[in-house]
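Working notes, beginning with the structure itself.
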Amino acid sequence: MNNPNLIALGWDTWFADQASALSDPAAAVARVAAVDRDQLLLLNPSGVFRARLAGKLLYDTVSSAERPCVGDWVYVDKSPADQFGLVHGVLARKTCLRRKAAGEAVEVQMIAANVDAVIVVQSCHYDFNLKRLERYLVMARDGGTTPCILLTKTDLVEPAVVAAQVAQIRSAGIDAPVLTLSNLTRDGMTELQRVLDPGKTYCFVGSSGVGKSTLINGLIGRDLMETNLVSDTGEGRHTTVRRELIILANGAMVIDNPGMREFGVLGTGGGIEASYADIIARAGRCRFRDCTHTNEPGCAVAQELASGEIDTEHYENFLKLKKESAYHDLSYAGKRKKDKEFGRFIKSVKKGLKEDE
């Protein structure tokens, strides 16, 4: 199933190997371009069409995170006479973006799947926040994707402000590429376009009003995404209401995202280690293997913190994210156990009903 037309949509041997293991190797596959309540907008070499989830996929999945999200590859049946396709399964994800769902409940919310790179967008004018930036980088790296930082609205601040923000990013030990852009003057647009490769998928994430939709409109060359006017303070007004995969003229694919007001981390141990590699490396020199890097003697991290080699804010955010992730992971593990037990109970009831028929 290494169809060149599928490859243009992000298909590779990771997915082809899964498809070849199917009982029906000719089963149709398509990529999820958008999710709208109980309907999916799917994309294949023939074009775009709508689909619904088959009952088994809809009702037998324990968590909503197991259902298709933007960027997923799915198995689908659809005849030319059908108005909707029927999705029967989801191929295993190569990469993913996820977060703790907003609110008190400890549940995973999928943001996008099979993303090659995450572009974290922050405005130089009002939105720049190092702690929030590090959260996004943890999320990106935990899901196996490559992060890139994009600072927008450079026309609203002096060049010295932009330079200081970049310096702050570097002093925090963040080594991800940093790009700058003005949607108004288009300074930096060419540099951004150069990193968007054909056949690759890029997900734009960031707070509301930082210019993501305007940016994607600039990449497309027309006003496909709805945008609102910028306020007198330079703060944009949030407009994106759903995630959607869009193919650019050069063949690169981009996913726009609604702004995130809450951003809890869940299951991000690997992402924390990758994003705080400078601290993790120094931790290997601590006297005690189980050092918490708070008040133990012989702590190499504490020593370099005192000498200024490690940025204090960077270190404090590291501790906070580790604690938050551990708490949410424990709560989520308990919830998953209850969900699985309930799922087994439902199956046993259904089996008993069939035996009584």
Scope segment 1-47; condition small (Gly, Ala, Ser), modelled with pLDDT of 90 or more and open to solvent by 40 Å² or more (accessible area, probe 1.4 Å); matching residues: Ala8
Residue within segment 69-92 that is surrounded by 22 or more Cβ atoms within 10 Å (Cβ to Cβ), touching a helix residue (DSSP H, G or I) at 6+ places or on another chain (Cβ under 9 Å) and at pLDDT below 85 present: no
Check on Arg222, farther than 23 Å from Asn129 by Cα, part of a helix (DSSP H, G or I) and at pLDDT 60 or above: no
Hits in segment 198-214 (condition: surrounded by 14 or more Cβ atoms within 10 Å (Cβ to Cβ) and at pLDDT 90 or above): Gly199, Lys200, Thr201, Tyr202, Cys203, Phe204, Val205
Residues of segment 241-281 classified as modelled with pLDDT of 65 or more and either touching a His at 6+ places or on another chain (Cβ under 9 Å) or not in a helix (DSSP H, G or I) (or both), total: 20
Any hit, segment 112-123, residues being surrounded by fewer than 18 Cβ atoms within 10 Å (Cβ to Cβ) and modelled with pLDDT of 90 or more: no
Filtered residue count, segment 48-75, keeping only those that are in contact with a Phe, Trp or Tyr (Cβ under 9 Å, 6 or more places away or on another chain) and over 23 Å from Arg99 (Cβ atoms): 4
Identity of the residue in segment 48-60, open to solvent by 40 Å² or more (accessible area, probe 1.4 Å) and modelled with pLDDT of 90 or more, that ends up farthest from Gly251 (Cα to Cα): Arg52
For Val138: the one exception among (1) part of a loop (DSSP other than H, G, I, E, B); (2) more than 15 Å from Asn257 (Cβ to Cβ): (1)
Count - residues of segment 173-189 that are more than 22 Å from the chain's Cα centre (by Cα) and surrounded by 14 or more Cβ atoms within 10 Å (Cβ to Cβ): 5
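The values are calculated or read from the model by the stated rules, or taken from the named source; none is laboratory data. All values reported here derive from a predicted model rather than from experimental measurement. Using ideal geometry, Cβ is built from the backbone for each residue, glycine included, and neighbour counts are taken over all protein chains shown. Quick note on the areas: whole protein, heavy atoms, side chains included, nothing else; ligands and nucleic acids left out. Shrake-Rupley method; radii C 1.70, N 1.55, O 1.52, S 1.80 Å.
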